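FYI, it's all coordinate maths here, none of it is from the lab. In this text, all values refer to a predicted model and were calculated from it rather than measured experimentally. Here the Cβ positions follow ideal geometry from the backbone for every residue, glycine too, while neighbour counts run over all protein chains shown.
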Amino acid sequence: MIKNRVVVTGIGILSSLGHNKKENILQMKKGNTGVNKLKKFNTDKFISQIGAEIKEYNAQAYFNEREITEYDRCAQYAIISIKEALAESKVLDNISLENIGLSFGTCNGGVNSLEEQNAIKGLDKKKTQKYPFFNQGDHVAKHFKLGGPVNTINTACAASGNAIGFGFEMVQKGYANAMIVGGSDSMSSSVYAGFNALRALNSVPCSPYNKSFGLSLGEGAAFLVLETLESALSRNANIYAEICGYGLSSDAYHETAPHPEGLGIKKAIEYALKQANVEKKEISYINTHGTGTKANDSAEIKGLEQVFGTERLSQIPISSSKAYFGHNLGAAAAIEYVTSLLAMQEDLLPATINFQEKREGCENANIITNEMKHQRTTYFLCNNSAFGGHNASIVSKNWEIPEGEIKELKSPSKTNVYIVGKGNSTTLLKENQGSLLEYLVSEESTSEFEDFKLKEYDSTLYERRMNSLAQYSIAAADLAIKETNSYSSLENEDIALIYGTSRGSLQSSEKYFKSILQKGPEFASSIYFPDMVLNSVAGKVSKKLRLQGFGSSISTGGNEGLFSAIYGYELMKDNIQSYCLVGAGDELSDLSSEIDQALGLDKSIYPISQGSSFLMLSNKKDKYINCAEITGIGLTFGSNASSLNRAIEMALNNSNSNIKDIDFIFYNSNGLPSDMAIYEEMFENLNPQKSILKHCFNSKEYLESTSSLNHLYVAAELLGNEIKDLESINNYFNQDVTKYKKGIVVSTSMNGNNAAIIVSKAK
Amino acid sequence: MNKIEEIKNIIKEKILVERLELDDITAEEINDNEALFGDGLGLDSVEALDVISGVEEEFDIKMQGMEEEEIRQTFSSVETLSAYIHEKLAQIV
């Protein structure tokens, strides 16, 4: 597979400094901040009364009444900035919508639509539909009628950095001809209350690395159009920059505080430089995360010093743009990245304004203060870090610099990706811990695992107040590591983790919202606030199991598990890391049932359940081990059979396979009539052999995020010869399953997020 | 309300056990001089903030504007915290 070079050909931004690119760069040049007295809600009882709000926002100027009812502010902001980016890039003149995808980063999703109801029971269905994180990405993708891969990334304050990286990969590896990438978050009273409870807010406009501590919250969105260099050149598009690589990591340290030595950001930068094939001496500017909090700023500088060395770092100009825009959480990376690009168009670099004096621990840093710096910049980094310990770093090259010789990308050598470990919380408590397949087709009841307690499984992995979702997920991940460890020796610190969760822990969110509803926003719970971000679960898994490799957390609204496996498969093919845990989890709660009702999932013919599953992927395998191998993937968006078929065809092509070679198709249905109709039509279109086994394993239990992964899980069990009671399985399917060599695992979602994987017996 | 023993019991029961949901210890088992952070109860920085909110809520006093070192000393144990609250409440009355 050839890797494409990926460039930025369009930018859109909506922030506290302006409603478009022109307004934003103009205000930056003037050294103005968007942080001032907050108007959206009452801040009298908080320690700070300021924030970076979008000024004079009028939804009617951009949307019709139906759209205003259907889209949360988060999606609205995204749509506005995407329109600007698309208009500039003119990509739609040459590339069809079917081949354009969306990678959407958000920290808080549609939280406005929930908090405005001032309740967590008896919720309004229409409003609640706008809340789920995945609906931000999905609503926007539907609005623009996109047909390429769609992913909502929820790694809190690093989300849009991760989203830019994921989109980059989709174009680089040819899964989309263009990707719209970026992030959005709107000002939220409950989020503001949480930062207030954590005493993280500054009472004056923030100025990172400066003497006065604290951050200022902001809101906004920024999006970019990415396409291949070839496509941009052929249509004579304006190119801002080339994205050369990106890196992610997990601190595995604390729910809110960064690793004190900046270990996570260091790892993210190192992965990014390695993937980009760029040397650190070539980096001539770093746009840092720099929130302004005591914990973040000095730790981040330490991390940078570890990568570049104290002396070199003191020469590289760095700045945090949060003094202009406030902290835009899930939109932070995108806003900071695009405005760095805008500045570079004029040979300028963003400054950290409102600056007086460097604080302790930041003395040696070469901070651009108060006024933008004149410099022609070639290679630069954009870094972001998050609650939950996720970090993202992007390596880019400013296209304004005339290029001497073009660095050819090394064509990757053929890498196989194996499924080398498995773990799930559902079969964990069974006496003879059997296979998941045997459990899912058995008559056994599902009730007993509801009593699952991580403390009883392994008390060292438990922490007080740990929500059920984290408990299931940690146990399942631990089992997958143990199975892998039985024949390879793993260094947990090097394991990557990609986790899919549609809703995070709503048990914890419920407790947080209750603290506000019952006592008032000034008494918001500081201990439950950190669990409001969906990536907190992946953060806890990383922390308890010491996983410090590449780390991401995603929401796709029904196929998270399979989507995570696809993301992990691509990571393994890059050969930068050797092991990647891919997993998903679901949790039941009252608030979750409210959301089921709003989405219509309560009408499913399958019982809604909870639990977690994990698979360990690796590009290494012991030659004596029987296991399954992933050989191809496909991703599309569209709630119809033809789009789903396109995902399967993509996966078949990708794995050089033909539908005639396929022995089984495992499909993950949510049990709604519309979903089942799509699968039926898909099968008709696909026209597989008559003898093929088509099966959905959800009749016993349906887990929104996890079930799709369970279908790959059971395929891996079958192909790895792990079924103990073969006779009953053969009888159940009325086929000889030992003959199976190759299958398709496929999942659509309620909104039409389609993922397909070809899985075969490893040679 | 201003009896020191009463204050200690509120801190242990209402704030530490109930509010922080310490499920591995009972109020009776918490020693007055046991460190709240580090080796003792092992509370972390986020929990510390919740203890502050708990004190503000239970005793209706404001703890804003305290220096970090002062917070560290005040919150080192149930003994030190109750002494601080006792003094604060005396000022109000």
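A few comments on the model shown:
- Antiparallel %, DSSP beta bridges [both residues in the range A:7-398], to 5: 65 percent
- With viscosity 1.306 mPa s and temperature 10 °C, the Kirkwood radius over alpha carbon pairs of the range A:250-368 converts through Stokes-Einstein to a diffusion coefficient of 107 µm²/s.
- Computed over the range A:417-761: relative contact order in percent, which uses C-alpha pairs under 8 Å that are six or more apart: 24 percent
- Residue-count net charge about residue A:638 - beta-carbon cut-off 10 Å; Lys, Arg +1, Asp, Glu -1: +2
- Across the range A:100-114, computed HN-Hα scalar couplings (Karplus, 6.51 cos²θ - 1.76 cosθ + 1.60, θ = phi - 60°) run 10, x, 9, 10, 10, x, 8, 8, 10, x, x, 4, 4, 5, 8 Hz from first to last residue, x flagging Gly and Pro.
- Chain lengthening between residue B:34 and residue B:66 when straightened (0.36 nm per residue, less Cα-Cα): 9.3 nm
- Geometric descriptor of the range A:544-675, per residue, is 161 Å³ (volume of the convex hull of the Cα atoms).
- Other-chain or far-sequence residues with amide H under 5 Å of residue A:352's (modelled H): A:320, A:368, A:369, A:370
- All Cα pairs of the protein assembly as shown, percent lying beyond 47 Å: 19 percent
- Close amide H partners of residue A:581, meaning residues 5 or more places away or on another chain with modelled amide H under 5 Å apart, are A:496, A:497, A:498, A:617.
- If you take all other residues with their beta carbon under 15 Å from the beta carbon of residue A:358, and give Lys and Arg +1 and Asp and Glu -1, the sum is -2.
- Going by neighbour counts of Cβ atoms within 10 Å, the residues A:502, B:77, A:705 line up, fewest first, as B:77, A:502, A:705.
- Residue-averaged 222 nm ellipticity for chain A, from DSSP H runs of 4+ at -39500 (n - 2.57), nearest 500: -10000 deg cm²/dmol
- Under the Karplus curve 6.51 cos²θ - 1.76 cosθ + 1.60, θ = phi - 60°, whole-Hz ³J(HN,Hα) for the range A:384-392, x wherever Gly or Pro sits: 8, 10, 9, 3, x, x, 7, 10, 9
- Across the range B:4-92 the C-alpha pair distances fall into 10 Å bins from zero in the proportions 17, 59, 23, 1 percent.
- Two-decimal Rg/Rh across the range A:417-761, once Rg and the Kirkwood Rh are taken from alpha-carbon atoms: 0.96
- Its relative contact order, with pairs defined as Cα atoms under 8 Å and 6+ residues apart, puts the range B:11-93 at 31 percent.
- Whole-angstrom Cα spans of the range A:633-763 along principal axes, big to small: 38, 34, 24
- Taking amide H atoms as placed 1.01 Å from N in the peptide plane, the amide H of residue A:608 lies under 5 Å from those of A:702, each 5 or more residues away in sequence or on another chain.
- Charge dipole magnitude, Cβ of K and R +1, D and E -1 - the protein assembly as shown, Cα centre, debye nearest 20: 2640 debye
- Residue order, fewest to most surrounding Cβ atoms within 10 angstrom, among A:706, A:43: A:43, A:706
- Antiparallel beta bridges, as assigned by DSSP with both residues in chain A, represent about 65 percent of the total such bridges.
- GluC sites (Glu not before Pro) within the range A:244-300: DSSP coil, no more than 12 neighbouring Cβ in 10 Å: A:279
- Whole-Hz ³J(HN,Hα) from phi, Karplus 6.51 cos²θ - 1.76 cosθ + 1.60, for the range A:696-709, glycine and proline x: 10, 9, 9, 5, 7, 7, 10, 10, 3, 8, 8, 4, 4, 6
- Loop sites in the range A:612-704: chymotrypsin sites (Phe, Trp or Tyr not before Pro), DSSP, at most 15 other Cβ within 10 Å: A:624
- Residues A:127, A:741, A:511 arranged by fewest to most Cβ contacts within 10 Å: A:741, A:127, A:511
- Sparse-neighbour loop sites [trypsin sites (Lys or Arg not before Pro); the range A:331-393; at most 16 other C-beta within 10 Å; DSSP]: A:376
- Summary value for chain A: 15 percent relative contact order, contacts being C-alpha pairs under 8 angstrom separated by 6+ residues.
- Most mobile of B:69, B:57, B:79 in a GNM of chain B (Cα contacts under 10 Å): B:69
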